[in-house]
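A short write-up of the structure that comes next.
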Amino acid sequence: SAVISQKPSRDICQRGTSLTIQCQVDSQVTMMFWYRQQPGQSLTLIATANQGSEATYESGFVIDKFPISRPNLTFSTLTVSNMSPEDSSIYLCSARRGTQYFGPGTRLLVL
Amino acid sequence: DAKTTQPPSMDCAEGRAANLPCNHSTISGNEYVYWYRQIHSQGPQYIIHGLKNNETNEMASLIITEDRKSSTLILPHATLRDTAVYYCIVRVHGNQFYFGTGTSLTVIP
């Protein structure tokens, strides 16, 4: 299994600012993923982050808005840039080690 | 990835078996069926997965029809802590997970 932690667990931000979310896995993993869950909705995949290569973004998500770093096999960050109220969501980190595991999420409210 | 169809909500009496159906009529031969659940305010939790054969673990059983076009997740003795949204996902091994809308299961005392 894999234990995943995220920081911060929640935040309230002003529009126009940026927030960087950190994801730490307790063991080395090749593939990490970032998801967004808007209020009352299912999870939507934002991007796949593999160590040593650029993140691969899903349709509707761009690097300028959601830059991702993957400096090593246990850590990744997602930045939500130039935030607007529409970015208010839960952002979840996920990692694959055999099966796929999820972090507890970061609850973001943009005012 | 094949699309899945699940009922939006279900109720189950505490102590009874909860049977959650999933249709995946366009599933390919190399796509697995995965089940996750998301308890309120938490990240999704892996439950079980299978390819062709029925599977059982300490949490649940997975029944896949012979034509693989549908499956059923069975929680044998539902408890209040099983109240959650249950997601059925089909994917090729190694590919990304794409979540559908899931089934909101409410276990009633």
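Overview of results
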{"item": "Size of electric dipole in chain B: Cβ of Lys, Arg +1 and of Asp, Glu -1, about Cα centre, debye, nearest 20", "result": "140"}
{"item": "Dipole of chain A, positive end: most advanced residue of A:L45, A:P71, A:Q28 [Cβ charges, Cα centre]", "result": "A:Q28"}
{"item": "Rg over Rh, two decimals, the range B:29-109 (C-alpha only, Kirkwood Rh)", "result": "0.96"}
{"item": "Scattering curve values for the range A:1-59, log₁₀ I(q)/I(0), Debye with Cα scatterers, q = 0.17, 0.28 Å⁻¹", "result": "-0.77, -1.32"}
{"item": "Rounded, prolate or oblate (a/c below 1.5 giving rounded, otherwise prolate when a/b exceeds b/c) for the range B:14-73 by Cα gyration tensor", "result": "prolate"}
{"item": "Cα-based convex hull volume of chain A per residue, rounded to whole Å³", "result": "92"}
{"item": "Semi-axis lengths, Å, the protein assembly as shown, gyration tensor of Cα atoms, sqrt of 5 times eigenvalues", "result": "31, 20, 15"}
{"item": "Zone residues, the range A:1-32, relative to A:T79, backbone N less than 14 Å from point 7 Å out along Cα-to-Cβ", "result": "A:17-22"}
{"item": "Theoretical FRET efficiency, 1/(1+(r/R0)^6), r = Cβ-Cβ of B:K69 and A:T20, R0 35 Å, to 0.05", "result": "0.20"}
{"item": "Radius ratio Rg over Rh of the range B:65-108, counting only Cα atoms, Kirkwood formula for Rh", "result": "1.03"}
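Read-outs throughout are calculated quantities, based only on the coordinates presented, and are distinct from any laboratory measurement. Because the structure is predicted, anything quoted here is derived from the model rather than measured. Here the Cβ is made from the backbone with ideal geometry for all residues, glycine too, and neighbour counts use every protein chain on show.
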